[in-house]
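Below is one structure, written out as C-alpha cells; comments come after it.
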Amino acid sequence: QVQLVESGGGMVQAGGSLRLSCAASGRTFSVSTMGWFRQAAGKEREFVARIFWSGINTYYADSVKGRFTISRDNAKNTVYLQMSSLKPEDAAVYYCAAARNVPGFAPENWDYWGQGTQVTVSS
C-alpha cells in the first residue's frame, strides 16, 4: 500500500499562487506515476497534471498548462504542484494520486489517493 498526504491548500486571491505538496509513504517503489486531480463542488473529478516518478516527463490539462508546474523530490518522496495565476475556476479540492503503471487521465486508472486539500480562489 501507498499512503499519500496532501498539504498546502488555502485561500488566495485571483492572480495569486499556491504550492501543494504530496508526501508519499509505504511501498513507494511500486509507484511509477504521480499526479494531481481536482474536484469542484458539483463536478466530477478531473485530471490536472502527472509526472513519472523516475523521470522528468510531465503532462498537464489544457486548462492549467503554462500556469501550473508539477515536480517531484525523490529523496523526500514528495510531489509538488506549483500553481500560479490562479483563477476562480481553479477553486476545488485537490487530490494527489499515484499509479503502479502508466495510467490514463481517468481517475479510475489510478491506484492510490490522498484525502484532498481545499483550494479557494477569491475574485
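The values are calculated or read from the model by the stated rules, or taken from the named source; none is laboratory data. Computed from a predicted structure; not experimentally measured. Glycine gets a Cβ as well: all are built from the backbone with ideal geometry, and neighbour counts include every protein chain shown. Surface accessibility is based on the protein's heavy atoms, side chains included, excluding ligands, DNA and RNA. Shrake-Rupley method; radii C 1.70, N 1.55, O 1.52, S 1.80 Å.
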Given the conditions (1) under 12 Å from the mean Cα position of the chain (by Cα); (2) open to solvent by 70 Å² or more (accessible area, probe 1.4 Å), and given that Ala23 satisfies all but one, which numbered condition is not satisfied? (2)
Near pairs, Cβ below 7 angstrom, 6+ apart or cross-chain, from the stretch 27-40 (in contact (Cβ under 8 Å) with a residue 24 or more places away in the chain) to any residue that is surrounded by 15 or more Cβ atoms within 10 Å (Cβ to Cβ) and polar (S, T, N, Q): Thr28/Asn77
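Per-residue answers, yes or no, for (1) in contact (Cβ under 8 Å) with a residue 60 or more places away in the chain; (2) hydrophobic (A, V, I, L, M, F, W, C):
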site: Trp53; (1), (2): no, yes
site: Ile56; (1), (2): no, yes
site: Asp62; (1), (2): no, no
site: Arg72; (1), (2): no, no
site: Thr78; (1), (2): no, no
site: Leu81; (1), (2): yes, yes
site: Glu89; (1), (2): no, no
site: Cys96; (1), (2): yes, yes
site: Asn101; (1), (2): yes, no
Farther than 11 Å from Leu81 by Cβ and among the basic types (Lys, Arg): does that describe Arg38? no
